[in-house]
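The values are calculated or read from the model by the stated rules, or taken from the named source; none is laboratory data. Being a predicted model, the structure only gives us computed values, none of them experimental. Neighbour counts run over all protein chains shown; Cβ positions are idealised from the backbone, glycine included. The area values use the complete protein model at the heavy-atom level, side chains included, leaving out ligands, DNA and RNA. Shrake-Rupley method; radii C 1.70, N 1.55, O 1.52, S 1.80 Å.
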Amino acid sequence: MNQHEIAIIGGDGIGPEVTHEALRVTDAAADIFGFGVRKTEYPFGSQHFLDTGEMFPDAAFEEVKQQGAIFLGAIGDPRMEPGKVEYGIIAKCRFDLDLYINLRPIKLLHTDLCPLKNKGPEDVDMVIVRENTEGAYTGMHGFAHKGQPHEVSTQTMVYTRMGVERAVRYAFETARSRNRRKTVTLIDKANAVRAHDLWTRVFAEVASEYPDISTEHAYIDAACMWMVKNPEWFDVAVTPNLFGDIITDLGAMVQGGMGIAASGNIHPGRVSLFEPIHGSAPKYAGQGVASPVAAILAAGMMLGYLGELDAEKAIEAAVSNLLRSGRLKGVGTAMHATGEVGDMVVAELKALTVKS
Ligand code: IPM
Ligand code: MG
């Protein structure tokens, strides 16, 4: 029996409650598909920092590195200085574990969830490959003459040939293995951010190794427009870190909102981190009203990454059946209790596997 080791960080706000449901679904999938999951839970997040002054201690980080995957609920707390917990936990994992791909599938599971007119599941099915360790997120920033009228603040976007190339290559491999429209779109802003010329050149070089895959290009501003007007044009898109951050929030809305969007922070072959895209929603914390659907789908992605592809497919099918049959009324706050959604997905997962 395959045995998977998972580090769990519930995090802030609604993070722990949605994580709880995602793990119940993970356990149910383990029973059904016959694999084992050993979970190690960590208390890190803003509350833990405020209580203890501890963010993500080295000893725990070393332990986490030995696991197969990390599951993160959500982080962010208005009582914290902006960026503190983001850089202390999520960026630390992304950078120190070199999780160079942020994989964000944008798939509409049911027409009713889509805010766009006349678009259905056949129109919204794409994957955004967000470069995840470079660009504006490298943390190379500074201030001079702070507080004075001539204050200067800078933040450098960093791109390396290696970093760009591995993201672009991952996108081409994804287009090949998805075998859908077999198209990769490069989204950049090379007309204004001239450093993106590196992306233009590397993209063309890598593309020449994939004659079976077509290529397209869109500037980020236009890509935002097309995402809303013609989402069916996208299959796989690859983009620098900051643009990927922005366009995947837009994508999340197109697929039904923050309550459904899942993501993986991946270094192929190494410990990787899976999380819902949504934030910690502090005002809903502890009320049991947040939808755990995004967290459940992120847990599905995690199982797929760990090699449990049937479990990943079944979890997505269970959520999609519940939505299409109307039993799951949506993925917004207060539509169902958090635990009720977990119950429904577990029951549907069991029913599905009895049928098949
Ligand atoms: C995301 C989030 C993070 C990001 C924040 C929490 C730092 O918005 O994962 O998209 O900007 O990458
Ligand atoms: Mg974001």
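Just the residues that are within 16 Å of ligand 1 (Cβ to nearest atom) and surrounded by fewer than 23 Cβ atoms within 10 Å (Cβ to Cβ), please, taken from the range 210-240. Selection gives 220, 224. Check whether at least one residue in the range 149-165 is acidic (Asp, Glu), loosely packed, with under 11 Cβ neighbours inside 10 Å and in the same structural domain as residue 246 (by TED's automatic domain parsing), and report yes or no. Among the residues of the range 149-165, at least one is acidic (Asp, Glu), loosely packed, with under 11 Cβ neighbours inside 10 Å and in the same structural domain as residue 246 (by TED's automatic domain parsing), which makes the answer yes. Take residue 143 and decide whether it is away from ligand 2 (no atom under 16 Å from the Cβ), buried (at least 16 other Cβ atoms within 10 Å of the Cβ) and among the aromatic types (Phe, Trp, Tyr). No: the conditions fail for residue 143. Checking each residue in the range 104-117 for being in a strand (DSSP E or B) and either open to solvent by 30 Å² or more (accessible area, probe 1.4 Å) or without any contact (Cβ under 8 Å) to a residue 40 or more places away in the chain (or both) picks out 105, 107. Inspect the range 103-110 for any residue being within 11 Å of ligand 1 (Cβ to nearest atom) and either farther than 29 Å from residue 293 by Cβ or in contact with a helix residue (DSSP H, G or I) (Cβ under 7 Å, 6 or more places away or on another chain) (or both) and give the result as yes or no. Looking through the range 103-110, at least one residue is within 11 Å of ligand 1 (Cβ to nearest atom) and either farther than 29 Å from residue 293 by Cβ or in contact with a helix residue (DSSP H, G or I) (Cβ under 7 Å, 6 or more places away or on another chain) (or both).
Of the residues screened, residue 280 is not one that is at pLDDT 95 or above, assigned by TED's automatic domain parsing to the domain that holds residue 4, within 15 Å of ligand 1 (Cβ to nearest atom) and farther than 30 Å from residue 116 by Cβ.
Kindly provide the set of residues from the range 285-302 that are among the hydroxyl-bearing types (Ser, Thr, Tyr) and touching a His at 6+ places or on another chain (Cβ under 6 Å), ordered by number. Selection gives nothing. Looking across the range 249-276, the residues that are buried (at least 21 other Cβ atoms within 10 Å of the Cβ) and of a type in the set (Val, Ile, Thr) come down to 254, 260, 266. For the range 242-277, filtering for residues that are within 11 Å of ligand 1 (Cβ to nearest atom) and not small (Gly, Ala, Ser) leaves 12.
Residues of the range 238-289 being polar (S, T, N, Q), within 15 Å of ligand 2 (Cβ to nearest atom) and assigned to a loop (DSSP other than H, G, I, E, B), which ones? Answer for the range 238-289, where residues must be polar (S, T, N, Q), within 15 Å of ligand 2 (Cβ to nearest atom) and assigned to a loop (DSSP other than H, G, I, E, B): 255, 280. Could we say that residue 96 is open to solvent by less than 30 Å² (accessible area, probe 1.4 Å), without any contact (Cβ under 8 Å) to a residue 60 or more places away in the chain and of a type in the set (Asp, Glu) here? No, not satisfied. Looking at 173, 122, just one residue is under 19 Å from the mean Cα position of the chain (by Cα), open to solvent by 80 Å² or more (accessible area, probe 1.4 Å) and over 18 Å from residue 223 (Cβ atoms), and that residue is 173. The set of residues from the range 308-351 being open to solvent by 50 Å² or more (accessible area, probe 1.4 Å) and under 26 Å from residue 271 (Cβ atoms) comprises 309, 310, 312, 313, 316.
Anything in the range 74-92 that is away from ligand 2 (no atom under 15 Å from the Cβ) and either out of contact with any Phe, Trp or Tyr (no Cβ under 8 Å at 6 or more places or on another chain) or of a type in the set (D, E, K, R) (or both)? List them, or say none. Correct list: 77, 78, 79, 81, 84, 92. Hey, does the range 126-143 have a residue that's closer than 25 Å to residue 321 by Cβ and away from ligand 1 (no atom under 13 Å from the Cβ)? Yes, some residue in the range 126-143 is closer than 25 Å to residue 321 by Cβ and away from ligand 1 (no atom under 13 Å from the Cβ). Any residue in the range 48-65 that is under 24 Å from residue 345 (Cα atoms) and β-branched (Val, Ile, Thr)? No, the range 48-65 has no match at all. Scanning the range 58-70 for residues that are within 15 Å of ligand 2 (Cβ to nearest atom), β-branched (Val, Ile, Thr) and in contact with a Ser or Thr (Cβ under 9 Å, 6 or more places away or on another chain) turns up nothing.
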